[in-house]
1. Just report the Cα centroid separation between region 55-91 and region 102-180, whole Å.
2. Kirkwood hydrodynamic radius, computed over distinct alpha-carbon pairs, for region 100-183: how many Å, to one decimal?
3. With r as the distance between the Cβ atoms of GLU120 and ALA331 and R0 = 25 Å, compute the FRET efficiency 1/(1 + (r/R0)^6) and round to 0.05.
4. For region 1-134, compute the number of Lys pairs whose alpha carbons are separated by less than 30 Å, excluding pairs fewer than 8 positions apart on the same chain.
5. Taking square-rooted eigenvalues a ≥ b ≥ c of the alpha carbon gyration tensor, is region 1-49 rounded, prolate or oblate, where a/c under 1.5 means rounded and, failing that, a/b exceeding b/c means prolate?
6. For region 186-268, please report how many Lys pairs fall under 22 Å Cα to Cα, leaving out neighbours fewer than 8 apart on the same chain.
7. Using Cα positions and a limit of under 13 Å, work out the aspartates and glutamates in reach of LYS316, with same-chain residues fewer than 8 apart set aside.
8. Of the beta bridges DSSP finds with both residues in the chain, what % are antiparallel, to the nearest 5?
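The values are calculated or read from the model by the stated rules, or taken from the named source; none is laboratory data. Because the structure is a prediction, the values reported are computed rather than measured. Here the Cβ positions follow ideal geometry from the backbone for every residue, glycine too, while neighbour counts run over all protein chains shown. Accessible surface areas use protein heavy atoms only, side chains included; no ligands, DNA or RNA. Shrake-Rupley method; radii C 1.70, N 1.55, O 1.52, S 1.80 Å.
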Amino acid sequence: MIIVMNPDATPEQIQAVEDKIEKLGYKPHEISGVERKVIGAVGDERGKDRLQSIEAMPGVESVFPILKPYKLASREVHPQNSVIHVNGVPIGDQEIAIIAGPCSVESQDQLMTTALAVKEAGANLLRGGAYKPRTSPYSFQGLAEDGLKLLAEAKKETGLPIVTEVMNPREVDLVAHYADVLQVGARNVQNFSLLKELGKARKPILLKRGMMTTIKEFLMSAEYILAEGNKNVILCERGIRTFETMTRNTLDISCVPVLKKETHLPIIIDPSHATGHWDLVDSMARAALAAGADGLMIEVHPDPASAFSDGPQSLKPDKFAQLMSTLKPLATLMGRTL
Ligand code: PEP
Ligand code: MN
């Protein structure tokens, strides 16, 4: 339910409404309205009609149901775009956010070389996986905490905030200790225990769309995180699985305008996993900006041929720098900055 307060409602009246919401077994979420306070009450769908009684409370203007199944993620509840601030880097604002780095953290040299190069080319955040969700248990699984330590070193050297994946609810605190943004990989988009745990974390979450996830399911996954109190969710489209085999996945570019209509959360595109081929990354990165994406996540490796994971889709640093220079005028054309 959405509770709209009168413009002259007192703080005491607002508090009384929030207390009542809790008493009825729901969670109040304050939604910053420009002229009036709006409170979202979310919880068990079955008894929600009981919330209608709040309409009679002093200071309340109206109470009405949230029609979308995703409540806190919907534009209905939060008409303005959400801007997520990561150590001073805004995501979802006018500025295009560029997250770049290797698929996996492999060594100090590999990570530092990449970090310095992507920083020089204008990236705003550094990515790198220390816990890798690999299809085969015999493939490289990541350096775990040693990898997180290398990411922290690279951050110290470059100032770039860190984006890294967390796969296990038990490792959220450990990863959050080193990371600035916690990534949920495509394979975990419906790992609801992990999502609930991340809802309690104090760090922004980069939620990747699953390879078989509809936009509605994707937003319901974001809702799991928001419902636990973490408002800082960044959505990432990374391609979905179709019958096509010439690309690793099929980039669902139309999800950008659809998501822009449905949600206030920022949306970024990962053209690396979406295509699986480094030579397709440029065109899909440009398509993403043209479609209105708020940022990009791009895999970069100093020597893709010897990468431990995702070499074929990784750009060499010089190619990444070239791409950045072609994206700048496009961002301007789109009324954004880069
Ligand atoms: C990754 O970002 O390296 C990754 C594993 O991505 P995805 O979860 O989208 O496959
Ligand atoms: Mn990868």
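1. Centre-to-centre distance over Cα atoms comes out at 33 Å.
2. Taking the inverse mean of 1/r over all distinct Cα pairs, region 100-183 comes out at 12.6 Å.
3. Step by step, r from the Cβ atoms, then E = 0.85.
4. So the count of such lysine pairs works out to 18.
5. prolate
6. Taking the Cα cut-off of 22 Å, the pair count is 15.
7. Straight-line reach from LYS316, under 13 Å: ASP279, ASP282, GLU299, ASP303.
8. 40
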